[in-house]
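A short worksheet on the structure shown next.
The values are calculated or read from the model by the stated rules, or taken from the named source; none is laboratory data. A quick note: this is a predicted structure, and the numbers were derived from the prediction, not measured. Cβ coordinates were reconstructed from backbone atoms using ideal geometry, including for glycine residues, and neighbour counts include every protein chain displayed.
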Amino acid sequence: MTVQALGPSWLDPDFLIQTFGLIGILVIVFAESGLLIGFFLPGDSLLFTAGLLVATDQYLDYPLWLVCTLIVISAVLGDQVGYMFGRKVGPALFRRPDSRFFKQENVEKAHDFFEKYGAKSLVLARFVPIVRTFTPIIAGVSRMRYRTFVVFNVVGGVLWGAGVTLLGAMLGQIAWVRDNIEAMLVGIVLLSVTPIAVEILRARRAKKRGENTGSSGSSGSSGGAAAAGAVDAGEASSTTENGGQRGRHARR
């Protein structure tokens, strides 16, 4: 199929839905929402495609309300697991060495995002690939008040999980979209591949710069500063019920 030829099959929402159906969607949403290994999965495009295919009666023979509800539940549970993982691991996460599926750079991005937006980051990060996977973990590391976390987790899960799916379903009602479904899927795959390709290129460039400047030895101290900043940010956000109070933290 033309869509699959554009990139790896695990980045092709159409292929994933055809192969694994609704269960596959729910597993991917759960993994991308809070498991460290899920950051590379096509979350946004997968939800959009799911709504599109439900509206056009292709592959997903389920009512739209059921698909949206199950996706929201999977997203909320995924963030919940990420939060509990962060609480258990604690600041040691910032000292974990890089591996094939784990990069300190991603943790740093989520930490900066959490530090900037506080509890609201749990909603905003839903719409930012990679960051959305690590933000609930950072919230757990910072020991954000659990009740505050749950509120913002649910709000974010509904806005992202149901919102993106409904957007796809709404476009699926348009005649031109129904008549050009494969072209739409090609565009969705391109949108899925682009952010990951950009991140890979940025990581490679950063690695080359680090090798050239010999600055790799500073990663330990920056990780410690990030850990301290995350804890401070969590304490600041948990001082109020809505988690809105926060502060900037100087990084050493």
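For the range 70-80, the condition of being over 24 Å from residue 187 (Cβ atoms), within 17 Å of the chain's Cα centre (by Cα) and charged (D, E, K, R) holds for at least one residue. Taken over the range 53-71, the residue count meeting the criterion of being surrounded by 21 or more Cβ atoms within 10 Å (Cβ to Cβ) and either touching a Ser or Thr at 6+ places or on another chain (Cβ under 9 Å) or not hydrophobic (A, V, I, L, M, F, W, C) (or both) is 4.
Restricting to the range 49-66, count the residues that are more than 20 Å from residue 132 (Cβ to Cβ) and part of a helix (DSSP H, G or I). Qualifying residue count, the range 49-66: 7.
Filtered by the rule that a residue be of a type in the set (S, T, N, Q) and modelled with pLDDT under 70, the range 1-51 gives 2, 4, 9. Within the range 34-48, residues that are part of a helix (DSSP H, G or I) sit with their Cβ atoms under 7 Å from residues that are of a type in the set (D, E, K, R) and at pLDDT 75 or above, at 6+ positions apart or across chains, in these pairs: 34/79; 38/32; 43/32. One residue stands out in the range 150-178 among those that are in contact (Cβ under 8 Å) with a residue 12 or more places away in the chain, among the β-branched types (Val, Ile, Thr) and closer than 26 Å to residue 57 by Cβ: the one that is surrounded by the most Cβ atoms within 10 Å (Cβ to Cβ), namely 165. Criterion applied to 62, 83 was being among the hydroxyl-bearing types (Ser, Thr, Tyr), modelled with pLDDT of 90 or more and within 15 Å of residue 141 (Cβ to Cβ), and the one residue passing it is 83.
On the given criteria, is residue 134 at pLDDT below 90, surrounded by fewer than 23 Cβ atoms within 10 Å (Cβ to Cβ) and under 30 Å from residue 206 (Cβ atoms)?
Spelling it out, it is not the case that residue 134 is at pLDDT below 90, surrounded by fewer than 23 Cβ atoms within 10 Å (Cβ to Cβ) and under 30 Å from residue 206 (Cβ atoms).
Restricting attention to the range 102-130, the residues being over 19 Å from residue 90 (Cα atoms) and assigned to a loop (DSSP other than H, G, I, E, B) number 3.
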